[in-house]
Amino acid sequence: MQKSILFLLFIFLFPYSNQAQQPKKLNASEIYESIQKLNFLGSALYIAAHPDDENTRLISYLSNEVKARTGYLALTRGDGGQNLIGPEISELLGVIRTQELLEARKIDGGEQFFTRANDFGFSKHPDETLAIWNKEKVLSDVVLAIRKFQPDIIINRFDHRSAGSTHGHHTSSAMLSVEAFDLTNNPNIYPEQLNQTSIWQPQRVFFNTSWWFYGSQENFEKANKTNLLSIDTGVYYPLKGLSNPEIAALSRSKHKSQGFGSTGSRGEEIEYIELIKGDLPINKSNVFDGIDTSWNRVKGGTAIGNILSKVEADFDFTNPSTSIPKLVEAYKLIEKLEDSHWGTIKSNQIKDIIAACAGLYLEAVAETNHATQNSEVAIAVEMINRSNANIVFTELNLKDKSHKKSYKRFALENNKRALLKDTINISKNQEPTAPYWLTSKGTLGMYTVSNSNDIGLPETPAIYNAIFKLEIQNTPIEFTKPIVYKTNDPVKGEVYKPFVITPEASAKFTEKVIVFSNDQQKEVPVIIKAGKDKLEGFVSIAHPKNWNVYPEKQTISISHDDEEQTVLFTIVPPKDQHEGLITPMVHVGDHIYTRELFEIDYDHIPFQTVLLPSESKVVRLDIQKKGENIAYIEGAGDVIPESLRQIGYNVVTIAPKDINAETLSRFDAVVVGIRAYNTVDDLKYKQQILFDFVEKGGNMIVQYNTNSRLKVDALAPFDLELSRDRVTDENSEVIFLNPSHSILNYPNKITQKDFEGWTQERGLYFPDKWSNDFTPILSMHDKGESPKDGSLLVAKYGKGYYIYTGLSFFREFPEGVSGAYRLFSNMLSIGKENLKLEAKIND
């Protein structure tokens, strides 16, 4: 019941956040809080490594209680993690997590920024992290973010002094922040940045510490707290009907792809920050103590502050429009400020407040959610003034259109809609809409950004905008709104999508890895999607020289935009083991299109379109397998079922409710998906049934889980304890502990060659303790560490085998790593050699 009440409060107070794509509409309480923030000229920048690293309690407190402009600089977009809500990984997961961060900031009141660093996976030491990232470039991005945001204070999530004791990305984020603190005010450091910003010196940098960083609560109590500030972030906001921790929980719960749903709390919540550099505040309860955060900090600001203080004092919650005359008076003074930084920020803020006070609604809606180059799109414009304020429409400019339509001036009368029709012409040279950091090929650790002005932005700026020119209280004020698309869904109601530019055609293979377990040809479908009506052309496939593709080309003819056509090509592999890439090439007139269009559609984030190179890996494997029928139990999401089908297994995904002795009797083996025992509650009731299946002769393969939040009491039929051991070097040496074991010899002879070409890591969360019933198969370790022998453990249980593995098959299969397929086939085939021998004896 309590959760339901909280949810209803949230919907009432944050009506825009449940529909991630709808425009923000402020109520009177939110307008009042915006006016309070307008009167505060102080900034705080929180810095960490990944989406979810940020302390939403502190960000929300600084934004909503202190009223400071608060930003979060995440060095990466979280591409290297797992996805708990869908199949997207790597770049596409980074797009999802970027949008989740933006939605989180809408709730806690912060702003979001990034560097060009790519989350390449877990790193044990900052030396490795900074080598892969390119330290100089990421440091320059941190300096740029500080110079642009101009924070008075910086707060690091992690300790810059903890190298080697935690995730290398975490420590690196703090190290770069501390180093940047001393560089941002030096014009000789990254002087090219001064073309788009200016030097800046923050006053203080803190480390957001807690007892956890001291090892225990007891150690923390004994620690010297001279340089520590304590902040009670558990404050309650009557205007919101929520406590700060409740807002923070709602914000954190936007990280749905990571399963970070959070329950709000109430009451005192103490946060500690340790001064690293700068002057220690005299008042330790105020991080901005000694810093002028009033309008007096800017030349000409005193008069503005006096006006806005009166606006705040006289604010009418039942009729916010009474504040408009004074707000317009302050706006005119803000426009004259010499301080361009605060002038720009406060100008944008006060314009939004004026519009909200007037109930001013301005929107430009395209007739479609996407268009192609060299096309024309109709735009419907709506304007409405829901107040008695004197507002006159003077001009509409649809940015980047080839012609400008003239309109007569007219007054926007109270609560009377004004509707206009216009068009935009899409240039023949217009590039398709895409995340700017994905348009050029990057490296393992860095994204390539061709336009330096984009560095740090959370997403690609809207290409097409509507600029509304109005006169409010006889004062010219411009409002820029991105052109959008909206429609009515029978279930969801009003649904918004961004208006984007897409190519005339895109193409994709149905499988990202196509495995040939012998030299027999396969028919491979290619799906072509039209971006316009009446698409005509043909498709060919670029392929390695020793592979053959028939026919050379296939004709396509698609009548309508958004429709698809599937064509089939026959691919003939070479006789011997080999791998390469194939790419569909769609020929339309003089253009060749080689990219795949991905659409990401989840209710909690705006609809996203992403263009990536369309290619699939073709792998000719030298592989043998035994057994046919595999049951797969889903966990946090991987491509194991599809991958096993590629090499000829019959794989059936079974739901936990269907796990029973009769169902399992139809299968040779059961494969449990990654983190299934962390994410699937019902498995706690099915574990013994699975063990019985093994005892009767089946094989059970359990992939990695974490040692926290396990849903089962017994992970295996014998004692087995998980650790946080992992091997992050994908090229680390692999030692065969039991080279004669059947899992390394049947039906495929596993050699060191099978561990070549692995990606991102060897594996993670290996067991570190197990009973003598288990046989460890492999040993591996990262540089300077002790051997880790728990990556692959095998135990005979009754007539069958139980196998636990932390090897990252979920990463290797999508990359078509041959050795991973061969080893997994052996895991599925274990025990079948004896059955074959027994069958011969019986004959």
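The values are calculated or read from the model by the stated rules, or taken from the named source; none is laboratory data. Remember, predicted model here, so these are calculated numbers, not experimental data. As a convention, Cβ positions derive from the backbone with ideal geometry for all residues, glycine included, and neighbour counts pool all protein chains shown.
For this structure, a couple of remarks:
To keep it simple, each residue is scored yes or no on (1) more than 9 Å from the chain's Cα centre (by Cα); (2) more than 20 Å from Gln760 (Cα to Cα).
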site: Gly78; (1), (2): no, no
site: Leu84; (1), (2): yes, no
site: Leu101; (1), (2): no, yes
site: Ala104; (1), (2): yes, yes
site: Gly109; (1), (2): yes, yes
site: Phe113; (1), (2): yes, yes
site: Phe120; (1), (2): yes, no
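- Any chance Leu239 is of a type outside the set (S, T, N, Q), touching a residue at least 12 places away in the same chain (Cβ under 8 Å) and in contact with a helix residue (DSSP H, G or I) (Cβ under 8 Å, 6 or more places away or on another chain): yes
- Count of residues meeting criterion [in contact with an Asp or Glu (Cβ under 7 Å, 6 or more places away or on another chain), modelled with pLDDT of 95 or more and not in a loop (DSSP other than H, G, I, E, B)] in region 788-817: 4
- Of note, Lys481 satisfies the criterion of being within 32 Å of the chain's Cα centre (by Cα), in a strand (DSSP E or B) and charged (D, E, K, R).
- Those residues of region 145-175 which are within 22 Å of the chain's Cα centre (by Cα), over 19 Å from Ile273 (Cβ atoms) and outside any helix (DSSP H, G or I), in sequence order: His167
- So Glu111, is it closer than 29 Å to Asp601 by Cα, without any contact (Cβ under 8 Å) to a residue 60 or more places away in the chain, surrounded by fewer than 20 Cβ atoms within 10 Å (Cβ to Cβ) and charged (D, E, K, R): yes
- Single condition Tyr436 does not satisfy, out of (1) touching a strand residue (DSSP E or B) at 6+ places or on another chain (Cβ under 7 Å); (2) at pLDDT 95 or above; (3) of a type in the set (Phe, Trp, Tyr): (1)
- Among the residues of region 116-144, the ones that are among the polar types (S, T, N, Q), out of contact with any Ser or Thr (no Cβ under 7 Å at 6 or more places or on another chain) and either part of a helix (DSSP H, G or I) or farther than 18 Å from Trp437 by Cβ (or both) come to 1 in all.
- Sole exception among (1) in the same structural domain as Tyr46 (by TED's automatic domain parsing); (2) in contact with a helix residue (DSSP H, G or I) (Cβ under 8 Å, 6 or more places away or on another chain); (3) crowded, with 18+ Cβ neighbours inside 10 Å for Ser253, by number: (2)
- Members of region 193-210 that are in a loop (DSSP other than H, G, I, E, B), in contact with a strand residue (DSSP E or B) (Cβ under 7 Å, 6 or more places away or on another chain) and either among the small types (Gly, Ala, Ser) or within 25 Å of Asp292 (Cβ to Cβ) (or both): Pro202, Gln203, Asn208, Ser210
- Ala636 vs. criteria among the small types (Gly, Ala, Ser) and in a strand (DSSP E or B): no
- Count - residues of region 410-441 that are surrounded by 15 or more Cβ atoms within 10 Å (Cβ to Cβ) and within 19 Å of the chain's Cα centre (by Cα): 7
- Condition met for Glu695 (surrounded by fewer than 19 Cβ atoms within 10 Å (Cβ to Cβ) and at pLDDT below 95): no
- Summed over region 301-313, residues that are touching a helix residue (DSSP H, G or I) at 6+ places or on another chain (Cβ under 7 Å) and either over 10 Å from Ile35 (Cβ atoms) or modelled with pLDDT under 95 (or both) total 7.
- Checked against (1) in a helix (DSSP H, G or I); (2) more than 17 Å from Tyr46 (Cβ to Cβ), Phe213 passes all but condition (2).
- For region 489-607, the strands (runs of 3 or more DSSP E) that sit wholly inside it and include 3 or more residues that are closer than 30 Å to Pro23 by Cα, modelled with pLDDT of 95 or more and not assigned by TED's automatic domain parsing to the domain that holds Thr368 are 595-600.
- Test: residue in region 105-116 that is in contact with a helix residue (DSSP H, G or I) (Cβ under 8 Å, 6 or more places away or on another chain), among the small types (Gly, Ala, Ser) and closer than 24 Å to Ile270 by Cβ: yes
- Residue that is farthest from the chain's Cα centre (by Cα), among those in region 776-831 that are closer than 26 Å to Leu690 by Cβ and of a type in the set (Val, Ile, Thr): Ile830
- Residue match in region 348-369 (condition: touching a helix residue (DSSP H, G or I) at 6+ places or on another chain (Cβ under 6 Å) and over 30 Å from Ala380 (Cβ atoms)): no
- Annotation note: of Ile689, Ile674, Ile623, Ile654, the sole residue that is touching a residue at least 12 places away in the same chain (Cβ under 8 Å), out of contact with any strand residue (DSSP E or B) (no Cβ under 6 Å at 6 or more places or on another chain) and surrounded by fewer than 20 Cβ atoms within 10 Å (Cβ to Cβ) is Ile689.
- Odd one out for Glu785, checked against (1) modelled with pLDDT under 95; (2) buried (at least 16 other Cβ atoms within 10 Å of the Cβ): (2)
- Breaking point among (1) within 25 Å of the chain's Cα centre (by Cα); (2) more than 14 Å from Pro584 (Cβ to Cβ), for Val515: (1)
- Residues in region 789-831 that are hydroxyl-bearing (Ser, Thr, Tyr) and more than 19 Å from Thr728 (Cβ to Cβ): Tyr797, Tyr801, Tyr802, Tyr804, Ser818, Tyr821, Ser825, Ser829.
- Glu761 being among the acidic types (Asp, Glu), assigned by TED's automatic domain parsing to the domain that holds Leu722 and loosely packed, with under 15 Cβ neighbours inside 10 Å: no
- Selection count where residues are over 33 Å from the mean Cα position of the chain (by Cα) and either within 20 Å of Tyr632 (Cα to Cα) or outside any loop (DSSP other than H, G, I, E, B) (or both), scope region 715-752: 9
- If you check Asn283, Asn296 for being surrounded by fewer than 17 Cβ atoms within 10 Å (Cβ to Cβ) and outside any loop (DSSP other than H, G, I, E, B), only one passes: Asn296.
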